[in-house]
Amino acid sequence: HHHRVAGLQRQVQQVLLGEKHWTAVWPKAWIVPVKAWLTALMGWLLARAIAKPVSQMTDAMRRLAKGDNTIKIPAMGQGDEIGEMADAVQSFKQAAIEKEAMEATAKEAARQQALVVETLSRGLSDLSRGVLTTRFDIEVSPEYKKIREDFNAAVVQLQDAMKIIITNVQGMRSGADE
């Protein structure tokens, strides 16, 4: 793309500078208007060749700034300045995607922790009211499974201890009744 523009620019410059060519082909009265027209055409072509990709890049950067990480970055891989801009914008896009993933992971970890704390709190409250059938029975991420297993094992041990106490108290009562 850049090479096409540069080649076109060189050709127009050669034509504009080649005065002998002009006088041989065109009447002298036409030389200035034709040169002006060719200069305007060259300016328009250059502006179009630069403005369109820059405009597309600006649009991509605006969408990226608004959080749209699905955009396709224009001019990726071009060997010119626009391609370098595209590479830089792609780096920002990748960083935004990684940041979003880290935030989602942190949010999920916080949600999981709150769920574990709430469930554990409910279970301890049940135990303090004498409800020995309470269980930590929700699915949790691997890092919280040991807490769930330990809580449930402690409740089972407490139940077993209470059964022994009840059995012993009942045995003492029947012994006292005799």
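The values are calculated or read from the model by the stated rules, or taken from the named source; none is laboratory data. Remember, it's a predicted structure, so these values are computed and weren't measured experimentally. Glycine gets a Cβ as well: all are built from the backbone with ideal geometry, and neighbour counts include every protein chain shown. For the accessible areas, the whole protein counts, side chains as well, though only heavy atoms, and no ligand, DNA or RNA atoms are used. Shrake-Rupley method; radii C 1.70, N 1.55, O 1.52, S 1.80 Å.
Structure above, values below:
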quantity	calculated
Test result for Ile97, in contact (Cβ under 8 Å) with a residue 40 or more places away in the chain, on the phi < 0 side of the Ramachandran plot and part of a helix (DSSP H, G or I)	no
Check on Ser121, more than 27 Å from Ala161 (Cβ to Cβ) and not aromatic (Phe, Trp, Tyr)	no
Residue check, Thr133 open to solvent by 50 Å² or more (accessible area, probe 1.4 Å), assigned to a loop (DSSP other than H, G, I, E, B) and farther than 30 Å from Ala51 by Cα	yes
Sole exception among (1) of a type in the set (S, T, N, Q); (2) in a helix (DSSP H, G or I); (3) under 34 Å from the mean Cα position of the chain (by Cα) for Thr39, by number	(3)
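Each row is one residue, and each column tells you yes or no for (1) surrounded by 11 or more Cβ atoms within 10 Å (Cβ to Cβ); (2) within 11 Å of the chain's Cα centre (by Cα).
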residue	(1), (2)
Ala49	yes, no
Met76	yes, no
Gly79	no, no
Asp87	yes, no
Ala96	yes, yes
Gln113	yes, no
